[in-house]
Amino acid sequence: MVLDIVKFGNPVLRQKGARIEKITPEISKLIEDMFETMRAARGVGLAAQQIGKALQLTVIDVSEITDRPSTLEIAGKPAEVKSIMPLVLINPEIKPFGNAVKGPEGCLSFPELYSDVSRPESVEVKAMKANGEVIEFSCGGLLSRAVQHEVDHLNGFLFIDRMAQEDKAGLKPDLDALQQKTKADLKKRKGE
């Protein structure tokens, strides 16, 4: 089922997600719905906060992106990125490393807004998969950027928090308008 994507201005986007202690049928269904929602919105990642749930859960799939390559290492050996796609990360722990690299980012919670964001070029990841098994890998390129962006969501951070001040200032009118619309929609829903 395609779920509604929460937009900037909704307080859930600033909430740190709760750890998931076991994979219940509800969590499995949520994962399925999150993939469906992400694909319908033509995104490469979606965090639970973006569908209104403050949980340590994100889904990622960069397998169709060809113009922004990714790298992957499992147990210190190069691996095919598609071998772990689509990717579910539950309770992820990450260690970014390498030089900071500027690159374009957008976010499904900020429709039509894009900016360059500086992030470490690579990241080590340890998380639980949808079946409860632990997955560990290192990645670079778009996959690294997507992992860092989504894990930020799980901790209540947004990509606008990582932008250079001048870039964020340039988007201020659009950000203010989006935030006002979201708050008005929330108020309307509460009044229903």
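Data table
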{"read-out": "Globularity ratio of the chain, using Cα Rg and 2.2 N^0.38 Å", "value": "1.01"}
{"read-out": "Relative contact order %, segment 11-191, counting alpha carbon pairs below 8 Å whose residues are six or more apart", "value": "24"}
{"read-out": "Per-residue [θ]222 nm for the chain (sum of -39500 (n - 2.57) over DSSP H runs n ≥ 4, rounded to 500)", "value": "-10500 deg cm²/dmol"}
{"read-out": "³J(HN,Hα), Karplus 6.51/-1.76/1.60, whole Hz, each residue of segment 55-61, x for Gly, Pro", "value": "10, 8, 8, 9, 10, 9, 8"}
{"read-out": "For the chain, share of DSSP beta bridges that run antiparallel, in % to the nearest 5", "value": "95"}
{"read-out": "Pair Q165, V134: separation of 7 Å Cα→Cβ label points (nm)", "value": "4.2"}
{"read-out": "Candidates A177, A48, A146, ranked by Gaussian network fluctuation over the chain, Cα under 10 Å, top entry", "value": "A177"}
{"read-out": "Euclidean distance of C-alpha centroids, segment 36-98 and segment 120-182, integer Å", "value": "11"}
{"read-out": "Which listed pairs, of K7/K95; K95/K190; K22/K188, have C-alpha distances above 32 Å, in listed order", "value": "K95/K190; K22/K188"}
{"read-out": "Approximate spin-label separation R68-E32, in nm, with each point projected 7 Å along Cα-to-Cβ", "value": "3.0"}
{"read-out": "For I20, distant residues with modelled amide H under 5 Å away", "value": "Q56, N91"}
{"read-out": "Listed residues K77, K126, K181, most fluctuating in the chain (Gaussian network, C-alpha, under 10 Å)", "value": "K77"}
{"read-out": "For V101, distant residues with modelled amide H under 5 Å away", "value": "R119, E121"}
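The numbers here are math on the coordinates, done by the rules we state, and not lab data. Predicted model only: the values in this text are computed from it and were never measured. Quick reminder, even Gly has a Cβ in these numbers, built from the backbone with ideal geometry, and neighbours come from all protein chains shown.
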